[in-house]
Amino acid sequence: MTRDEYVAMLKARLDEWNTQAAAWEVKAKEAQATAKAELERQMAAVKAQQENAAYQMRLLQGASADAWKDLSAGADSAWKQMSETFARAASHFEKK
């Protein structure tokens with residue numbers, strides 16, 4: 001996989017997460033007070049991971065042809081954490 005293909009794959013996944021997170025934000029705004037605090041906590045975790053994942057993607061985009069493979073390990077870790085955070089948030093939002 002080339003750097004450009006890898007970055008395109010990461011961007012597509014980040015776009016999916018952003019769309020889902022926007023839907024959850026609407027749901028959090030509509031939630032009752034007790035559930036709202038938990039939903040807002042989950043959204044904060046998702047946003048932090050989204051920012052980290054986007055940062056890693058930008059690093060990869062700016063990396064040289066030789067360096068991008070080294071940077072991809074950090075990006076893979078960030079994306080794994082984002083996936084896990086997203087799954088935890090999804091379980092909370094789908095219950096509410």
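A few notes on this one:
- Subset tally (residues that are basic (K, R) and in contact (Cβ under 8 Å) with a residue 40 or more places away in the chain) for the range 70-96: 2
- The set of residues from the range 36-69 being among the acidic types (D, E) and touching a residue at least 24 places away in the same chain (Cβ under 8 Å) comprises just one member, E38.
- Residue list for the range 63-76, filter: more than 23 Å from E16 (Cβ to Cβ) and exposed (fewer than 12 other Cβ atoms within 10 Å of the Cβ): S64, A65, D66, D70
- When residues in the range 25-41 are screened for being in contact with a Lys or Arg (Cβ under 9 Å, 6 or more places away or on another chain) and under 22 Å from K11 (Cα atoms), 0 of them pass.
Throughout, read-outs are computed from the coordinates displayed, never taken from laboratory work. Keep in mind that what you see is a predicted model, and the values were worked out from it rather than measured. Here Cβ is always computed from backbone atoms with ideal geometry, including for glycine, and neighbour counts include all displayed protein chains.
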